[in-house]
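Since the structure comes first, as structure tokens, the remarks are kept for the end.
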Amino acid sequence: MEWNVGLQGIGVVLGMALVFGAAVHVLLARASTAWIGLIAGVAFLVGGLLVSEGLFGWATVEELQPNIDGLSFDEALFGGLIVGALVTFATWWARRGGHRPVTHA
């Protein structure tokens, strides 16, 4: 695997991760842990970089558009959203204690 993403590409995926983490924090901080925004943002960053560079790092600039300083933008967004959403759901699920059956008093 060859990592050819530059500083501008890392900045773009980092900005997307910050927005995703902030949105998750606003929506789920009261229903989960106070750290859920940070956890979601880091998961988005890792997922975005791994999909852009790990799965599509072989592609040329002409094959994948838009390409921002080596970052395959669409692929990074897709990978970040998928990994970020899965990790966010897992964190929320674990924090609430898993499945609790409904009891009627």
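The values are calculated or read from the model by the stated rules, or taken from the named source; none is laboratory data. Just so you know, these numbers come straight off a predicted model, no measurement behind them. Positions of Cβ are backbone-derived with ideal geometry, glycine not excepted, and every protein chain shown enters the neighbour counts. These area figures cover heavy atoms from the full protein model, side chains too; ligands, DNA and RNA do not enter into them. Shrake-Rupley method; radii C 1.70, N 1.55, O 1.52, S 1.80 Å.
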Can you work out ³J(HN,Hα) from phi for every residue in segment 75-82, in order, using Karplus 6.51 cos²θ - 1.76 cosθ + 1.60 and θ = phi - 60°, giving whole Hz and x for Gly and Pro?
5, 5, 5, 4, x, x, 5, 5
Would you calculate the separation in nanometres between label points at Ile82 and Ala29, each defined as 7 Å from the Cα along the Cα-to-beta-carbon direction?
3.0 nm
Counting only heavy atoms of the protein chains, get the accessible area per residue of segment 1-51 (1.4 Å probe) and round it to a whole Å² value.
59 Å²
